[in-house]
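Visitor: This is the structure, below, for whatever I ask next.
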Amino acid sequence: MGDLHDEKELFLKTGYQHSKKTLIASIKVINKLMLEPEINKRDLGLLSKYIESFYHRVDTSSPYWKSENNIVSRTLSKIGDYLAKAYNNLHGISNEPDEELSGLTSSWVAAMIEMAKDNSTINYKISMQYWSIMF
């Protein structure tokens, strides 16, 4: 996790082993980032991309993954809550696009889609408020 800011070896690179250990490590970092007063949208976006990559490559539909899938679902919901609030706060403030916020939104949606493909039984906290971000 120490190489999160190293442009040559980003955590999300597909060369990283996709295991429960790396998935849980990424969730721990996301949860830590979400507690900071100034949320680092770039790092959240990178970790969301890692989650997307993970769920794209690993079949997590078996009961073996149930606990981790629930943890990831809750964590992605936290990011969705943050995005909904961030977009609500932007209305009328600036006409300049927030590229980091857009990047985080894109990677969050991609992670949600990949996770949902194999795990339709997970209780996602996806409300119309989240999807209103997209439209």
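The values are calculated or read from the model by the stated rules, or taken from the named source; none is laboratory data. These numbers were taken from a predicted model, which means no experiment stands behind them. All Cβ positions, even for glycine, are placed from backbone atoms using ideal geometry, and neighbour counts span all protein chains on display. Side chains included, ligands, DNA and RNA excluded: accessible areas come from the protein's heavy atoms. Shrake-Rupley method; radii C 1.70, N 1.55, O 1.52, S 1.80 Å.
Visitor: In whole Å, largest first, what are the principal axis extents of the Cα atoms in the stretch 25-80?
Guide: Projected onto the principal axes, the Cα atoms of the stretch 25-80 cover 37, 19, 18 Å.
Visitor: When only the heavy atoms of the protein chains count and the probe is 1.4 Å, how do GLU68, GLU52 rank by accessible area, highest first?
Guide: GLU52, GLU68
Visitor: Using r as the Cβ-Cβ distance of ASN89 and LYS20, and R0 as 35 Å, what FRET efficiency do you calculate, to the nearest 0.05?
Guide: Details: r = 35 Å, r/R0 = 1.01.
FRET efficiency, ASN89 to LYS20: 0.50.
Visitor: With r defined as the distance between the Cβ atoms of SER102 and GLU68 and R0 fixed at 35 Å, what FRET efficiency is calculated, to the nearest 0.05?
Guide: Once rounded, the FRET efficiency stands at 0.80.
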